[in-house]
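Written out below as structure tokens is the structure these notes cover.
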Amino acid sequence: MAMRILLAAVTAFVISAVVGWFLIPALRALHAGQSIKEIGPNWHKSKEGTPTMGGLMFIVAIIAAVLIFGWQDISQGSWQALFVLGFALVCGAIGFVDDYAKIRHHENTGLTAGWKFLLQLAAAIAFLALLRWSGHLTPNLYIPFVNVICPLPWGVYLVFAAFVMVGCVNAVNLTDGLDGLAGSVTLAVAVFFVALAKWWDFGAIGIFAGALAGGLLGFLLYNFYPAKVFMGDTGSLFLGGAVCAMAFALDVPLVLVFVGVIYIAETMSDIIQVGYFKLTHGKRIFRMAPLHHHLELGGWSEVRIVLTFTGITVAFCLLAFVGVMYRYAI
């Protein structure tokens, strides 16, 4: 199994890198450039026109790697990886529609927040129902570190889980604001899920996580500062879907609190900023939200922010592993 996970990662890396070589010129030819919000740091305006929807390169790579190296599990009735991939693809499709609308109208607004929320919520409920139907998900909430299970009524768990998934998807999307940031942070999270799946012998999820790590590494060849391409909502919503889907497929959703510490910090900084601004009629806590822009305006370079946030994620992933490693009997 370890060899199949490694091969999935290597294959996804190669495919992502090769697809990127052809995709970026194609996106330029189609004038699929990113529009930059006026409210962002003024130096980000220089990124205007950088090709977006580059997430397609790692999405294609992950699909191929999962189908090639996960087929053995799929053919034997282990559909977890397909469920996870399916949910991530639906989220990516929502992002694709959003990106297409932005490009078509030449502005940084696509689908309305309401439509995004409803589509993501429907996808989350369908995914959770599939996991429940296939016996891979219980309404018993596992509490990390204390190794305690808290039984919940299925209806209560479904509401909790659906909103956690939608929140996670959009938190990853919000994190995608600097060159290489969302990709680097999520690469660390993917490696964490590789280790966890291997530790518990959840081979299908391990293959998906390995493919995710490899695909992201190939993408970062083009996306790390200075970025030649952005992943767009196509990529960031796919990544958000992939991260939360793996957590629920392994039945340890609260692990997202630790591995997603940067996603949460970015989201909370935005919520706090907006809330405080409204309550005080114009005052701010942060120089600019989300958090990465606050640090940028404080003099931090993009590379420094990306490396720091990735390092924090790695540390919390190690902590999370200790917290959930005894979830299942080894």
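Looking at (1) within 13 Å of the chain's Cα centre (by Cα); (2) more than 15 Å from GLU266 (Cα to Cα); (3) open to solvent by less than 10 Å² (accessible area, probe 1.4 Å), which is the only condition ILE207 fails?
Here ILE207 clears every test but (1).
Just the residues that are aliphatic (A, V, I, L, M) and open to solvent by less than 10 Å² (accessible area, probe 1.4 Å), please, taken from region 48-84.
Across region 48-84, the qualifying residues are MET57, ALA61, ILE62, ALA65, VAL66, ALA81, VAL84.
How many residues are within 24 Å of ALA213 (Cα to Cα) and either part of a loop (DSSP other than H, G, I, E, B) or at pLDDT 95 or above (or both) if we restrict to region 26-35? Before the answer, list the steps.
The first filter runs over region 26-35 and keeps only residues within 24 Å of ALA213 (Cα to Cα), leaving 27.
This time we only want the ones that are either part of a loop (DSSP other than H, G, I, E, B) or at pLDDT 95 or above (or both), so: none.
Summing the residues that are within 24 Å of ALA213 (Cα to Cα) and either part of a loop (DSSP other than H, G, I, E, B) or at pLDDT 95 or above (or both) in region 26-35 gives 0.
Would you please name the residue that is farthest from ASP176 (Cα to Cα), looking only at residues in region 255-264 that are in contact (Cβ under 8 Å) with a residue 60 or more places away in the chain and open to solvent by less than 40 Å² (accessible area, probe 1.4 Å)?
VAL255
A quick yes/no check of all residues on (1) in a helix (DSSP H, G or I); (2) open to solvent by 10 Å² or more (accessible area, probe 1.4 Å); (3) on the phi > 0 side of the Ramachandran plot; (4) touching a His at 6+ places or on another chain (Cβ under 7 Å):
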| site | (1), (2), (3), (4) |
| --- | --- |
| ASN173 | yes, yes, no, no |
| GLY177 | no, yes, no, yes |
| ALA182 | yes, no, no, no |
| VAL185 | yes, no, no, no |
| GLY215 | yes, no, no, no |
| PHE219 | yes, no, no, no |
| VAL229 | no, no, no, no |
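Scanning for something in a helix (DSSP H, G or I), touching a residue at least 12 places away in the same chain (Cβ under 8 Å) and under 16 Å from PHE230 (Cβ atoms), does region 189-201 turn up at least one residue?
The answer is no; no qualifying residue exists.
Inspect region 4-23 for any residue being part of a helix (DSSP H, G or I), at pLDDT 80 or above, under 24 Å from LEU174 (Cβ atoms) and more than 21 Å from the chain's Cα centre (by Cα) and give the result as yes or no.
There is no residue in region 4-23 that is part of a helix (DSSP H, G or I), at pLDDT 80 or above, under 24 Å from LEU174 (Cβ atoms) and more than 21 Å from the chain's Cα centre (by Cα).
Given the conditions (1) part of a helix (DSSP H, G or I); (2) open to solvent by less than 10 Å² (accessible area, probe 1.4 Å); (3) under 17 Å from GLY54 (Cα atoms); (4) touching a Gly at 6+ places or on another chain (Cβ under 9 Å), report the number of the one that ASP233 does not fulfil.
(2)
Go through region 265-315 and report how many residues are open to solvent by less than 50 Å² (accessible area, probe 1.4 Å), more than 25 Å from ALA188 (Cα to Cα) and in contact with a His (Cβ under 9 Å, 6 or more places away or on another chain).
Final tally of qualifying residues: 3.
Going through region 98-151 one residue at a time, which ones are within 26 Å of MET231 (Cα to Cα), in a loop (DSSP other than H, G, I, E, B) and either open to solvent by less than 30 Å² (accessible area, probe 1.4 Å) or in contact (Cβ under 8 Å) with a residue 12 or more places away in the chain (or both)?
If the condition is that a residue be within 26 Å of MET231 (Cα to Cα), in a loop (DSSP other than H, G, I, E, B) and either open to solvent by less than 30 Å² (accessible area, probe 1.4 Å) or in contact (Cβ under 8 Å) with a residue 12 or more places away in the chain (or both), then HIS106, GLU107, ASN108, GLY110, LEU111 are the ones that fit.
The values are calculated or read from the model by the stated rules, or taken from the named source; none is laboratory data. As the structure is a computational prediction, the values presented were derived from the model and not from experiment. Note that we place each Cβ from the backbone using ideal geometry, even for glycine, and neighbour counts take in every protein chain shown. With ligands, DNA and RNA removed, areas are computed over all heavy atoms of the protein, side chains included. Shrake-Rupley method; radii C 1.70, N 1.55, O 1.52, S 1.80 Å.
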